[in-house]
1. Name the residue that is surrounded by the fewest Cβ atoms within 10 Å (Cβ to Cβ), counting only residues in the range 438-467 that are in contact with a strand residue (DSSP E or B) (Cβ under 7 Å, 6 or more places away or on another chain) and of a type in the set (Gly, Ala, Ser).
2. Just for helices (runs of 4 or more DSSP H) wholly inside the range 115-179: which have at least 1 residues that are farther than 27 Å from Ile44 by Cα and open to solvent by 50 Å² or more (accessible area, probe 1.4 Å)?
3. Please work out which one of (1) surrounded by 18 or more Cβ atoms within 10 Å (Cβ to Cβ); (2) touching a residue at least 60 places away in the same chain (Cβ under 8 Å) is the condition Val398 fails and give its number.
4. How many of the residues making up the range 221-247 are outside any loop (DSSP other than H, G, I, E, B), crowded, with 24+ Cβ neighbours inside 10 Å and not small (Gly, Ala, Ser)?
5. Within the range 354-370, does at least one residue satisfy the condition of being farther than 25 Å from Tyr312 by Cα and of a type outside the set (A, V, I, L, M)?
6. Residues of the range 340-359 being part of a helix (DSSP H, G or I) and of a type outside the set (A, V, I, L, M), which ones?
7. Which pairs do you get when a residue that is on the phi > 0 side of the Ramachandran plot, found in the range 419-437, comes within reach of a residue that is part of a strand (DSSP E or B) and open to solvent by 20 Å² or more (accessible area, probe 1.4 Å), reach meaning Cβ atoms under 8 angstrom, with the pair 6+ apart or on two chains?
8. From (1) in contact with a Cys (Cβ under 8 Å, 6 or more places away or on another chain); (2) free of Cβ contacts under 8 Å to residues at least 60 places away in the same chain; (3) of a type in the set (Gly, Ala, Ser), pick out the condition that doesn't hold for Ser367.
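The values are calculated or read from the model by the stated rules, or taken from the named source; none is laboratory data. Just so it is clear, the model here is predicted, and its values are computed rather than measured. Cβ atoms come from the backbone with ideal geometry, glycine included; neighbour counts cover every protein chain shown. SASA here: full protein model, heavy atoms, side chains in, ligands and nucleic acids out. Shrake-Rupley method; radii C 1.70, N 1.55, O 1.52, S 1.80 Å.
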Amino acid sequence: MSDNNIVLLSTFINDKKKVKIIFHKDVLVWDNEKPPLDQHTVPIENVISVKNDYLKGIHPSIRPEIDPKQFTIHYAEKSVEDKWVYKTLTLKHTDSLQVASWVKTLQNHLSRFFTRPKHILLFVNPFGGKQNAMRIYEKYGKNLFSIAGVEVTVNVSQRKDQIKDFLITHNLDMFDSVACVGGDGTVSELFNGLVLRECRLKDINANDMDQNLPKPRKPIGIIPGGSTDTIAYCLHGTTDPTTAVLHIIFGDTLGLDLVSVYDENALLRLYASVLSYGYLGDVAYHSDQYRWMGPHRYDYSGFKKLMRNRGYKGEIAIYTDKKEAEQEDCKSNCQICNSAKTNHEKVSCKWETIKGKFFMVSGANISCACTRSPKGIAPYCHLGDGKINLVLVKHTSVINNLRLLLRLSSQDSSVEDLPFVETISAREFCFRAENGSSSKWNCDGEVQHQTNIRAKVRCQLLTIFSRGSTKAPNHTSKCCGF
């Protein structure tokens, strides 16, 4: 009999109530035997583990024994929006053979999920964001990984770039995946290290822009623990740590584009969220002197730079297919991203040049949405379509700058229909500052001091543990002219 034709049907005791439960075609369904009815349905892919419980009342010094008449199904359910919650169902039966049959059958089905991680190398950045990454792992990750049977080796970083350096030089053969607890900067260190590691192993010159960068072999898990956690938010639809841990345990993956950034001579770094010049570059650079303020330093520095309203002249060369940026949201099982896996190199593109004075130039690889900016600077940007959304904000007035920031913080409107904002879909772009004062680049939250750069999208270079977001954004029209 094939696995899909297996049928289990029994009545168990759960919390002193009789519960009927059936398992058929990879779905568990249970309900109270008597009213009030309360039916639950859980597909097997949402089950974390199935285990016999231990007998109670044994002295702590004695090794606990397995209870042959009781077992627990550990599973997850989706709650509000994109959040997942961990739940359990404990079942008792007088016949130990019934219990053994259920446990063995369900465990056999779970063993078919070969992409679920078994041994993770987990990096924890104790200095990022609110400096609580270790507490997040201890509270939200440690127990769930143990329940799922995932072995976790924890590496606590002590300095900047330590994660990247470790990944480039150390043997990772014993691990099937790599993860981190931290903010966007920690995530950036992780994937920069993994890509440069592959370049070293395959003797590929990462500084040659024309080279195809190698795809890291190990999937990546991201548990948010920073200030904004933009990358995690765009991947999972939430910054809830439990949800991120469950996405890793489930083992489902998606492809994420990376963008490689070069100066005239070498690769500077790869980024996953945004590379921004002008306003956001100035904020990142000048807020560094206010680190004692914590995350509030960005608000303080941002307000100062907003009121100063500084513009920067430059020339931007854009490698584009001249099509308008996609007006479709990137959601779980996105068809645009799925088709890009095979078609991204077949699109005909041309270079075009734009000159002007800009308040901000941003190359968004993802929407850059977060809890403070529900739609982000590029609401229709896709995770894995092989393109960035180049958002050009012309230098105008302080009032228009305020309109821009109001839109960015709005749940109901986006920046794309503002008359001084232009969004262009691109596969590469090159920026040259005109003589005079220049800004800095903000690259995934890190300051890049080189002004003249070139950036190139690397389609789905990363494999990320995530089921994606199913959140339906509200695209209502603007309100009161803002």
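1. This residue is Ser438.
2. Of the helices (runs of 4 or more DSSP H) lying wholly inside the range 115-179, those with at least 1 residues that are farther than 27 Å from Ile44 by Cα and open to solvent by 50 Å² or more (accessible area, probe 1.4 Å) span 133-136, 162-169.
3. Val398 satisfies all of (1) surrounded by 18 or more Cβ atoms within 10 Å (Cβ to Cβ); (2) touching a residue at least 60 places away in the same chain (Cβ under 8 Å) except (1).
4. Count: 13.
5. yes
6. Lys341, Thr342, Asn343, listed by residue number.
7. What qualifies is Gly436/Lys313.
8. Here Ser367 meets the rest and fails (2).
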